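Asks: Dropping a structure here in structure tokens format, bear with me for questions.
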Amino acid sequence: MSHNITNQNLISFKIKNFELFSRTLDNLKNLRGTVDLLPDQLIKWQNVEKILFDLLSRASIKEIRTPILEMTELFIRGIGEGTDVVSKEMYTFLDRGKRSCTLRPEGTASVVRALIQNGISSNPLQKLWYMGPMFRYERPQAGRQRQFHQLGVEFIGYESVRSDIEIIALAWDILGALGIKELNLEINTLGDLNDRLNFQKSFVEWLEINKNSLDLDSQNRINKNPLRILDTKNAHTKKILENSPKLFNFLSEKSLTRYIELKNQLEALKIPYVENFNLVRGLDYYTHTAFEITSGALGSQATVCGGGRYDNLIKQMGGNDTPAIGFAIGLERLILLAGKELEVARKTDIYIVNQGLRAELLAMELSRKLRNFDLLVELDLSGASFSKQFRKANKLNSKGIIIVGDDEAAKEEFIIRLFDKQIPENREEVISFDNDIQLKKWLTNNLFLK
Ligand code: HAM
């Protein structure tokens, strides 16, 4: 804009921009398949996350954080070009330097890259977890979003069946700790690379012979990703597949023994499971154990947790030959399933009612002091009348209340009162601002501060 702009010009500029601005605001919506999580909804998220953090740290699993944005090549190589995730669902774009970037559709490939790149070997063995947003361009519906969140756990360098069991038991216990009912654990074995290649050869031969009886989607997968045909939802194809070669019959002695051992140990731990020989999972990196946990309470998007072993991935991505196993839980689905009791926010411990110049300053100082205790403190900043502030404290159901008005401020003291309606005498005391001992005693006696 030039400096010698006339008033008239300025007014028409403002009007034009106001129109533009208000029109754009109308159109400004979140992208399909993404959601805003508002404060009231986040109470449940935060309660669930707290339980998850506690469980993970008690299991001595350490957190890892990797970028949300990665080179596209990572997912093509890690997850597999023929998978739906890579071929149809990735958010991929060129950045300003013309590099192809992708918003991560899952966490395993990124964790493996980070370990290789940072020279973190499997010695000592690594137990890691991560949590955060993932992106897949899928058709949104209940429990399925384009931006969703996962909690992932990866055990790096672990080969024994015991590590499979610890991983499955951990996923099972996490869901159990959140009070989730109607859980079903499905397991399968995909054998090692050799077993799979042998199977794939005769499976593809069989598919070619029976091609015309398959649905179109499955026909298209014969050359791209034949294994995925096994978990087709098409009822007719399912029926036809009953007569196809079975991967199970191509397992080597070693793979079979491993699988039997897995089942024995699950039984020993009394973790109920169902075998599903069609469970192949949607990502290419799996070997041996593959598993999913579904909940009958979820509807069509029933899988809350999926995971498995990926013994070849780290080597395939340029690292040492390192076995590994992991799982990821979809947090949106977890939140849908978790109990209603987790929707309750922690109650405010102390609400500070205050009014007057000096009183407000003293109240501000006191609120900072109180937050050093493990207390949830709200300082009323409204400047409204005492009765309005009391009403707000009442609405919040605060356990205690502090009152600082001009009279109290003049005497350098405040009133503290238990706000619990169950206790009729409303235990109240007047405490001087510098008497921390008396304050602590009141808090200990009335709010059970430790
Ligand atoms: P996944 O089966 O692709 O596995 O995803 C794991 C979980 O993420 C699913 O069971 C589901 O709960 C949730 N999920 C997936 N897509 C969506 C979506 N569009 N909307 C909402 N939730 C979704 C993996 O991602 C592997 N990285 C798991 C793993 C870790 N395997 C070994 N280590």
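Asks: I'm checking my understanding of the structure. Among residues of region 351-368 that are touching a residue at least 60 places away in the same chain (Cβ under 8 Å) and surrounded by 14 or more Cβ atoms within 10 Å (Cβ to Cβ), which one is nearest to the chain's Cα centre (by Cα)?
Replies: Ranking the qualifying residues of region 351-368, first place goes to Tyr351.
Asks: Could I ask something else about it? Of all helices (runs of 4 or more DSSP H) completely enclosed by region 335-448, which ones contain at least 1 residues that are at pLDDT 95 or above and within 24 Å of Lys44 (Cα to Cα)?
Replies: Of the helices (runs of 4 or more DSSP H) lying wholly inside region 335-448, those with at least 1 residues that are at pLDDT 95 or above and within 24 Å of Lys44 (Cα to Cα) span 386-396.
Asks: Moving on to the next point. Select, from Leu298, Leu357, the only residue that is more than 11 Å from the ligand (Cβ to nearest atom) and in contact with a helix residue (DSSP H, G or I) (Cβ under 9 Å, 6 or more places away or on another chain).
Replies: The conditions single out Leu357.
Asks: If you go through region 324-346, how many residues are buried (at least 20 other Cβ atoms within 10 Å of the Cβ) and more than 12 Å from the ligand (Cβ to nearest atom)?
Replies: Selection size over region 324-346: 1.
Asks: Could you grab the pairs with beta carbons closer than 9 Å, sequence gap of 6+ or different chains, first residue in region 256-280 and closer than 19 Å to Asp173 by Cβ and of a type in the set (A, V, I, L, M), second one assigned to a loop (DSSP other than H, G, I, E, B) and at pLDDT 95 or above?
Replies: Correct list of pairs: Leu266/Pro272; Leu266/Tyr273.
Asks: Next question, about the same structure. Please identify the pairs in which a residue from region 301-313 that is closer than 13 Å to Tyr158 by Cα has its Cβ atom under 8 Å from the Cβ atom of a residue that is near the ligand (Cβ under 7 Å from one of its atoms) and at pLDDT below 95, counting only partners at least 6 apart or on another chain.
Replies: What qualifies is Gly308/Arg281.
Asks: Of all residues in region 304-315, which are surrounded by 17 or more Cβ atoms within 10 Å (Cβ to Cβ) and either in contact with a Cys (Cβ under 8 Å, 6 or more places away or on another chain) or not small (Gly, Ala, Ser) (or both)?
Replies: Listed by number, the residues that qualify are Val304, Cys305, Arg309, Tyr310, Asp311, Asn312, Leu313, Ile314.
Asks: I'm checking my understanding of the structure. Among residues of region 85-127 that are out of contact with any Phe, Trp or Tyr (no Cβ under 8 Å at 6 or more places or on another chain) and assigned to a strand (DSSP E or B), which one is surrounded by the most Cβ atoms within 10 Å (Cβ to Cβ)?
Replies: My answer is Thr92.
Asks: Looking at region 271-292, which of its residues are touching a helix residue (DSSP H, G or I) at 6+ places or on another chain (Cβ under 6 Å) and among the β-branched types (Val, Ile, Thr)?
Replies: Listed by number, the residues that qualify are Ile271, Val280, Thr289.
Asks: In region 148-172, what residues are farther than 14 Å from Phe291 by Cβ, within 20 Å of the chain's Cα centre (by Cα) and either in a helix (DSSP H, G or I) or among the polar types (S, T, N, Q) (or both)?
Replies: Selection gives Gln150 alone.
Asks: Among Ser244, Ser255, Ser300, which is the only one that is of a type outside the set (A, V, I, L, M, F, W, C) and touching a His at 6+ places or on another chain (Cβ under 8 Å)?
Replies: Answer to the check: Ser255.
Asks: Next up: In region 184-218, what count of residues is obtained for those that are of a type in the set (Lys, Arg) and more than 15 Å from Leu230 (Cα to Cα)?
Replies: 0
Asks: A further question follows. Condition first: near the ligand (Cβ under 9 Å from one of its atoms), hydrophobic (A, V, I, L, M, F, W, C) and out of contact with any His (no Cβ under 8 Å at 6 or more places or on another chain). Can you find one or more residues in region 270-279 that meet it?
Replies: no
Asks: State whether the residues of region 49-69 include one that is surrounded by 13 or more Cβ atoms within 10 Å (Cβ to Cβ), of a type in the set (Val, Ile, Thr), part of a helix (DSSP H, G or I) and within 14 Å of the ligand (Cβ to nearest atom).
Replies: Checking region 49-69: not a single residue is surrounded by 13 or more Cβ atoms within 10 Å (Cβ to Cβ), of a type in the set (Val, Ile, Thr), part of a helix (DSSP H, G or I) and within 14 Å of the ligand (Cβ to nearest atom).
Asks: Among (1) under 22 Å from Arg144 (Cβ atoms); (2) in a loop (DSSP other than H, G, I, E, B), which single condition is Pro245 missing?
Replies: In the conditions (1) under 22 Å from Arg144 (Cβ atoms); (2) in a loop (DSSP other than H, G, I, E, B), Pro245 misses (1) alone.
The values are calculated or read from the model by the stated rules, or taken from the named source; none is laboratory data. Source: prediction; values computed, not measured. Neighbour counts are summed over all protein chains in view; Cβ atoms, including those assigned to glycine, are modelled from backbone coordinates with ideal geometry.
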